[in-house]
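*Asks:* My structure is below; once you've seen it, I'll send some questions.
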Amino acid sequence: MIPYPRIDPVIVHIGPLALRWYGLMYLLGFFASFYLVKKQIAEELGTSDRKRLAAEQALLDGIIVALVAGVILGGRLGYVLFYNLSYFLEHPAEILATWHGGMSFHGGAVGVMIAGWLYCRLHNTDFFKWSDRFAVTVPIGLGLGRIGNFINGELYGRPSDVPWAMIFPDGGFVPRHPSQLYEAFLEGIVLFSMLWPLRRKKWPSGRKTALFFIGYGIIRFFVEFLREPDPQLGFLALGWVTMGQVLSIALIFLGIVLWTVRKPLKLEE
């Protein structure tokens, strides 16, 4: 067993406001995606067509704002609906209290897709082209977010006797898997290493997004075996199925469907 490094979740207080590590991780994740999508645009278009580059950059500036709103609203509503609906029905004011924790990746994914689709439709641009550009960068934000979970001491793993097990402040006096770090490595480093090299593949738009859904869903499904289920839900079935696994199966299925329907265009004979 190794000691859990107690890090103050608050970096600094500025008057009544507090800058938290978790919020900073979200911010860094969005900056990373913004920079890497901008890099992809430059790779795709080159530097000679300045007018088109400027148009794509303007679209990027707008879509990143829409995605920030989508991930925050979707992540919070997803947690409310999927993980603790009965509590929030009794305490509706707590729905807005995001500083108390409670964000769902799967809900955030839905929120991002809806926000991105609406923005692309409004500006008459290819939604799947943009979703592919972002999909290969998302693992960076996921990995950073899991580090934020670790600093908060939340979403810890199940009891374990592995040498690197830790006793988390809210996890009782029992060593547990640091599952947040497993997820930071797998959902962040490993998934990014798989997806980023595919950015130049000339696939039908939407297929990189499909691979992200499938890859994340598989990783999350198996990590759930080491992660402590949410106490208000426990296991949903068979003594081992968790909500995270159910939602991950749905995400894998969505990815397979998306990969199948986004076929290469047939050349006219």
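*Asks:* In what sequence do L238, L60 fall when counting other Cβ within 10 Å, fewest first?
*Replies:* Neighbour counts put them in this order, fewest first: L238, L60.
*Asks:* Determine the principal axes of the Cα atoms in the chain, then give the extent along each, sorted from largest to smallest and rounded to whole angstroms.
*Replies:* 67, 49, 40
*Asks:* Something else: Specify the inter-centroid distance of segment 127-205 and segment 41-119, based on alpha-carbon positions, in whole Å.
*Replies:* Each part reduced to its Cα centre gives a spacing of 18 Å.
*Asks:* A further question follows. Lys and Arg at +1, Asp and Glu at -1: add these up for the other residues within a Cβ distance under 14 Å of I189 and post the number.
*Replies:* Summing Lys/Arg as +1 and Asp/Glu as -1 gives -1.
*Asks:* Here's a follow-up. What are the ³J(HN,Hα) values, in whole Hz, obtained from phi via the Karplus relation 6.51 cos²θ - 1.76 cosθ + 1.60 with θ = phi - 60°, for each residue of segment 53-70 in sequence order, with x given for Gly and Pro?
*Replies:* Values per residue, Gly and Pro as x: 4, 5, 5, 5, 5, 5, 5, 4, 4, x, 5, 5, 5, 4, 5, 4, 4, x Hz.
*Asks:* Could you go through segment 128-136 in sequence order and give the Karplus-derived ³J(HN,Hα) for each residue, using 6.51 cos²θ - 1.76 cosθ + 1.60 with θ = phi - 60°, rounded to whole Hz, and x for Gly and Pro?
*Replies:* Ordered by residue, 3J(HN,Hα) equals 5, 4, 6, 5, 5, 4, 7, 4, 6 Hz.
*Asks:* How big is the charge dipole of segment 197-237 about its Cα centre, in debye rounded to the nearest 20, if each Lys and Arg gets +1 on its Cβ and each Asp and Glu gets -1 on its Cβ?
*Replies:* 680
*Asks:* Based only on other Cβ atoms within 10 Å, what is the fewest-to-most ordering of T260, T242, T47, T209?
*Replies:* T47, T260, T242, T209
*Asks:* For I11, which sequence-distant residues (separation of 5 or more, or a different chain) have an amide H within less than 5 Å of its own amide H, given hydrogens modelled in the peptide plane?
*Replies:* For I11, whose amide H was placed from the backbone, the distant partners under 5 Å are L19, R20, W21.
*Asks:* Continuing with the same structure: Taking amide hydrogens as modeled 1.01 Å from N in the peptide plane, which residues meet the under 5 Å criterion relative to R176, leaving out close sequence neighbours?
*Replies:* Answer set, sorted by chain and number: S160, M166, I167, F168.
*Asks:* Please compute the contact order of segment 124-269 in relative form: average sequence separation of alpha-carbon pairs under 8 Å and at least six residues apart, divided by the residue count, as a percent.
*Replies:* That works out to 26 percent.
*Asks:* May I pose another question? Convert 10 °C to kelvin, take the viscosity as 1.306 mPa s, use the Kirkwood radius over C-alpha pairs of segment 182-230 as Rh, and evaluate the Stokes-Einstein diffusion coefficient in µm²/s, rounded to a whole number.
*Replies:* Translational diffusion coefficient: 135 µm²/s.
*Asks:* Taking the Cβ of P169 as the centre, find all other residues whose Cβ is under 10 Å away and add up their charges (Lys, Arg: +1; Asp, Glu: -1).
*Replies:* Result for the local shell: -1.
*Asks:* Calculate one ³J(HN,Hα) per residue across segment 152-169 by plugging θ = phi - 60° into the Karplus curve 6.51 cos²θ - 1.76 cosθ + 1.60, and present them in order as whole Hz with x for glycine and proline.
*Replies:* Values per residue, Gly and Pro as x: 6, x, 10, 6, 6, x, 7, x, 7, 10, 5, x, 9, 4, 10, 9, 8, x Hz.
*Asks:* How much space per residue, in cubic angstrom, does the convex hull of the C-alpha atoms of segment 200-269 take up?
*Replies:* Once divided by residue count, the hull of segment 200-269 is 96 Å³.
*Asks:* Would you work out the charge dipole size for the chain about its Cα centre, treating the Cβ of every Lys and Arg as +1 and the Cβ of every Asp and Glu as -1, and quote it to the nearest 20 debye?
*Replies:* 960
*Asks:* Still on this model: Please label the shape of segment 137-257 as rounded, prolate or oblate, based on the square roots a ≥ b ≥ c of the eigenvalues of the alpha-carbon gyration tensor (a/c under 1.5 means rounded; beyond that, a/b larger than b/c means prolate, else oblate).
*Replies:* oblate
*Asks:* Given 37 °C and 0.692 mPa s, how large is the Stokes-Einstein diffusion coefficient of segment 40-177 in µm²/s, with Rh as the Kirkwood radius over Cα pairs?
*Replies:* 186
*Asks:* Taking one equal scatterer on every alpha-carbon of segment 1-101, how large is log10 of I(q)/I(0) by Debye at q = 0.13, 0.24 1/Å?
*Replies:* Computed log10 I(q)/I(0) values: -0.73, -1.22.
*Asks:* Give the shape of segment 1-59 as rounded, prolate or oblate, defined through the alpha-carbon gyration tensor: a ≥ b ≥ c are the square roots of its eigenvalues, a/c under 1.5 means rounded, and otherwise the shape is prolate if a/b is larger than b/c and oblate if not.
*Replies:* Here segment 1-59 falls in the oblate category.
*Asks:* Still on this model: 5 Å is the cut-off here: which amide hydrogens, built 1.01 Å from N in the peptide plane, fall below it relative to V241, excluding neighbours closer than 5 in sequence?
*Replies:* Sorted by chain and number, the residues that satisfy this are L236.
Values quoted throughout were computed directly from the atomic coordinates according to the rules given, and no laboratory measurement underlies them. Note that the structure is a prediction, hence the values are computed from the model and not measured. Glycine also receives a Cβ, built like all others from the backbone with ideal geometry; neighbour counts cover every protein chain displayed.
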